[in-house]
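S.K.: Here it is, the structure in full.
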Amino acid sequence: MFDVQTKRVHEYKRQLLNIFGIIHRYECFKHMDKNDRKKVVPRVCILGGKAAPGYEMAKKIIKLCHLVAEKINNDKDIGDLLKLA
């Protein structure tokens with residue numbers, strides 16, 4: 001399943017809420033046992049957007065997305081159940 005969100009990055013839009021949802025999903029997968037993980041539909045989350053050069057909070061949201069993607073995509077326990085681009 002693909003979960004795609006592309007739009008201008010603003011702190012009042014849903015990008016931050018979406019990344020928190022991805023973090024929550026990741027934590028749920030980490031605490032599942034292997035039998036429950038077999039029932040999960042794999043998901044690829046794609047976040048895209050741009051921010052104004054002087055918009056510091058938007059830059060921090062983009063940085064958070066990159067850090068979360070690095071953590072999730074390199075986790076061997078999760079494998080291909082969840083990917084973030």
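S.K.: Kindly report the accessible area of the chain per residue (heavy atoms of protein chains, probe 1.4 Å, no ligands, DNA or RNA), in Å².
M.R.: 69
S.K.: For a quick check: with amide H placed at 1.01 Å from N, whose amide H comes under 5 Å from Asp3's, ignoring anything fewer than 5 positions away on the same chain?
M.R.: Val44, Cys45, Ile46
S.K.: Karplus couplings for segment 38-45 from phi (6.51 cos²θ - 1.76 cosθ + 1.60, θ = phi - 60°), rounded to Hz, Gly and Pro as x?
M.R.: After applying 6.51 cos²θ - 1.76 cosθ + 1.60, I find 5, 8, 7, 7, x, 9, 10, 9 Hz.
S.K.: A further question follows. Lys/Arg Cβ at +1, Asp/Glu Cβ at -1, dipole of the chain taken about the Cα centre: which of Leu81, Met32, Asn18 is farthest positive-ward?
M.R.: The residue sitting farthest along the positive end of the dipole is Asn18.
S.K.: Taking all protein chains in place and a 1.4 Å probe, what share, in percent, of the accessible surface of the chain do carbon and sulfur account for?
M.R.: Values: 3410 of 5860 Å².
It is 58 percent, rounded to a whole number.
S.K.: Next question, about the same structure. Which pairs, out of Lys30/Lys59; Lys39/Lys83; Lys30/Lys71; Lys7/Lys71; Lys13/Lys59; Lys38/Lys76, put more than 21 Å between their alpha-carbon atoms?
M.R.: Numbers: Lys30/Lys59 28 Å; Lys39/Lys83 17 Å; Lys30/Lys71 12 Å; Lys7/Lys71 23 Å; Lys13/Lys59 14 Å; Lys38/Lys76 15 Å.
Those over the limit are Lys30/Lys59; Lys7/Lys71.
S.K.: On a 0 to 90° scale, report how tilted helix 15-31 is relative to the longest principal axis of the chain, with both axes built from alpha carbons and the result rounded to the nearest 10.
M.R.: So the inclination is approximately 20 degrees.
S.K.: A further question on this structure: Just subtract the alpha-carbon distance of Glu56 and Lys30 from 0.36 nm times their residue separation and send over the number in nm, one decimal.
M.R.: 6.2 nm
S.K.: Out of Val44, Ile72, Tyr55, whose Cα points farthest toward the positive end of the dipole of the chain (charges: +1 Lys, Arg; -1 Asp, Glu; placed on Cβ)?
M.R.: Ranked along the dipole, the leading option is Tyr55.
S.K.: Size of the dipole of the chain about the Cα centre, Lys and Arg at +1 and Asp and Glu at -1 on the beta carbon, nothing else charged, in debye to 20? Mind showing how you got there, number by number?
M.R.: Working: 18 positive and 10 negative charges, 44 e Å.
The calculated dipole for the chain is roughly 220 debye.
S.K.: GluC sites (Glu not before Pro), restricted to segment 12-85: which are DSSP loop and have at most 11 other Cβ atoms within 10 Å?
M.R.: Working: sites: Glu27, Glu56, Glu70; in loops: none.
Qualifying residues, ordered by number: none.
S.K.: Continuing with this model, one more query. Of the candidates Cys28, Cys45, Cys65, which one comes out as most mobile in a Gaussian network treatment of the chain with C-alpha springs shorter than 10 Å?
M.R.: Judging by the Gaussian network model, the answer is Cys28.
S.K.: Could I ask something else about it? Mean residue ellipticity at 222 nm from the helices of the chain, using -39,500 (n - 2.57) per DSSP H segment of n ≥ 4 over the full residue count, to the nearest 500 deg cm²/dmol? Can you show the working numbers first?
M.R.: On the way: 3 runs with 39 residues, N = 85.
Value at 222 nm, helices only, nearest 500: -14500 deg cm²/dmol.
S.K.: Further question: Distances longer than 18 Å among the Cα atoms of the chain: what percent of all pairs is that? Don't jump to the answer; show the numbers that get you there.
M.R.: Working: 1515 of 3570 pairs.
Value for the chain: 42 percent of Cα pairs lie more than 18 Å apart.
S.K.: Let me ask something additional. Past the 17 angstrom mark, what percentage of all C-alpha to C-alpha distances in segment 1-47 do you count?
M.R.: On the way: 449 of 1081 pairs.
Summing the P(r) of segment 1-47 above 17 Å gives 42 percent of all pairs.
S.K.: Can I ask one more? May I ask you to derive the relative contact order of the chain, considering only C-alpha pairs under 8 Å and at least 6 residues apart, and to give it as an integer percent? Don't skip to the answer; put the middle values down first.
M.R.: Values: 92 pairs, mean separation 35.6, N = 85.
Relative CO of the chain lands at 42 percent.
The values are calculated or read from the model by the stated rules, or taken from the named source; none is laboratory data. On a predicted model such as this, the values are computed, not experimentally measured, just so you know. Glycine gets a Cβ as well: all are built from the backbone with ideal geometry, and neighbour counts include every protein chain shown. Ligands, DNA and RNA are stripped out before the accessible areas are found, and what is left, the full protein with its side chains, is counted by its heavy atoms. Shrake-Rupley method; radii C 1.70, N 1.55, O 1.52, S 1.80 Å.
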